[in-house]
Amino acid sequence: MNQINEDVIILAIESSCDETAAAVVKNGREVLSNVIYSQIDLHTVYGGVVPEIASRKHIEKINQVVDQALKNANMTLQDVTAVAVTYGPGLVGALLVGVSAAKALAFAAQKPLVGVHHIEGHISANYIENSELEPPFLCLVVSGGHSHLVMVKDYGEYEILGKTRDDAAGEAFDKVARAIGLGYPGGPKIDKVSREGNPDAIRFPRAKVEDNVYDFSFSGLKSAVLNYLNGCQMKGESFSQADVAASFQKAVVDVLVDHSMQGVKTYGMKKFAVAGGVASNSHLREALTEACRKNKVTFYHPSPVYCTDNAAMIGAAAYYEYIKGVRHGWDLNAVPSLRLGERI
């Protein structure tokens, strides 16, 4: 990496889905400000994110969150070293708002522009509150759109050991929550109601993918839940919302923990991290904490505010890209299906 003698201050923007966010991050680890405008209330009525509504709301809010982030950090645009932005993966319209804003700000202030991969941002969220954490480590990334088991070989250097073949874990949470009448967003609601249920009440399947032990598949589990609910309806039987939620959640968590610890053992890892929106699930955290304790592995996890989409994590990731010399031109575009490790 290039030797940097001065502090690197990153103004970061994140708009890949339904959060409009901006942050100011110092040297990749110190968050000077972190502003998030969430659109959850707007999309709840539809039972999920509506891309067109998300894009329009990003346009309304992007300048406000950037101004607030600079104000909270007691800085001006001229004080920052570089401007960073998520350019993929995500919803193309939503990404374009953030990318366009970042390019305009960087051009106007004559600052370097650094594009960041969204999943790399989630992984880098672990650096913010864990100053001692450095690669290599294994990281489980679980969110509404992604389920990845990633070997973090170095800053910006990744190997994907496994990923979902169908539904991401967070997506499955949303669909099951809707089916049992909890509504959107599903993850926090299932986490809460499952505390009142019996996780062993219903035995739902734990899928294994034959040609890659680290890959995930949650569509069969989702179908099993729907079949159980339909069976109850056909028989005229009632079901316990809390028991279904707890049993479903346990099935998801069992698979996530099993795959993660298998990777830890196979690769002899001593450090393990979790990231993404589902990383704030209390049952998953408890299960990973216990599994890491049993396997004598140090467990890292971000605070909930850094698990869901935010710009501080983008600023953390951008720092390591910046000091490696990564710069993007004014032709930077949104790449909705950008793969982890891919450079555009």
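The values are calculated or read from the model by the stated rules, or taken from the named source; none is laboratory data. Predicted model, so just to flag it, every value in this text is computed and none were measured. Here Cβ is always computed from backbone atoms with ideal geometry, including for glycine, and neighbour counts include all displayed protein chains.
Values as computed for the structure displayed
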quantity	calculated
In segment 110-167, the residues that are of a type in the set (A, V, I, L, M, F, W, C), in contact with an Asp or Glu (Cβ under 7 Å, 6 or more places away or on another chain) and either farther than 18 Å from Cys307 by Cα or not in a strand (DSSP E or B) (or both)	Val114, Met151
Those residues of segment 270-291 which are crowded, with 22+ Cβ neighbours inside 10 Å and either of a type in the set (A, V, I, L, M, F, W, C) or on the phi > 0 side of the Ramachandran plot (or both), in sequence order	Phe272, Ala273, Val274, Ala275, Gly276, Val278, Ala279, Leu284, Leu288
Residue within segment 311-331 that is over 20 Å from the mean Cα position of the chain (by Cα), assigned to a loop (DSSP other than H, G, I, E, B) and without any contact (Cβ under 8 Å) to a residue 24 or more places away in the chain present	yes
Search result, residues across segment 283-312 that are small (Gly, Ala, Ser) and more than 27 Å from Thr20 (Cβ to Cβ)	Ala287, Ala291
Criterion (surrounded by 16 or more Cβ atoms within 10 Å (Cβ to Cβ) and either closer than 12 Å to Val97 by Cα or hydrophobic (A, V, I, L, M, F, W, C) (or both)) met by exactly one of Val35, Val45	Val35
Test: Leu32 is modelled with pLDDT of 95 or more, in the same structural domain as Val99 (by TED's automatic domain parsing), part of a strand (DSSP E or B) and over 19 Å from the mean Cα position of the chain (by Cα)	yes
Filter result (crowded, with 16+ Cβ neighbours inside 10 Å and either polar (S, T, N, Q) or assigned to a loop (DSSP other than H, G, I, E, B) (or both)) within segment 49-67	Val49, Val50, Ser55
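Rundown of residues vs (1) at negative phi; (2) of a type in the set (Asp, Glu); (3) surrounded by fewer than 21 Cβ atoms within 10 Å (Cβ to Cβ); (4) outside the structural domain of Thr164 (by TED's automatic domain parsing), yes/no style:
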position	(1), (2), (3), (4)
Glu210	yes, yes, yes, no
Asn227	yes, no, yes, no
Ala245	yes, no, no, no
Val255	yes, no, yes, no
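Yes/no matrix, rows are residues, columns are (1) free of Cβ contacts under 8 Å to residues at least 40 places away in the same chain; (2) under 29 Å from Glu30 (Cβ atoms); (3) in contact with a helix residue (DSSP H, G or I) (Cβ under 9 Å, 6 or more places away or on another chain):
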| residue | (1), (2), (3) |
| --- | --- |
| Ala125 | no, yes, yes |
| Glu129 | no, yes, yes |
| Pro135 | yes, yes, no |
| Tyr158 | no, yes, yes |
| Ala179 | no, no, yes |
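Residues checked against (1) among the polar types (S, T, N, Q); (2) surrounded by fewer than 24 Cβ atoms within 10 Å (Cβ to Cβ); (3) under 16 Å from Ala334 (Cα atoms):
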{"position": "Met75", "(1), (2), (3)": "no, yes, no"}
{"position": "Asp79", "(1), (2), (3)": "no, yes, no"}
{"position": "Thr86", "(1), (2), (3)": "yes, no, yes"}
{"position": "Ser100", "(1), (2), (3)": "yes, yes, yes"}
{"position": "Ile123", "(1), (2), (3)": "no, no, no"}
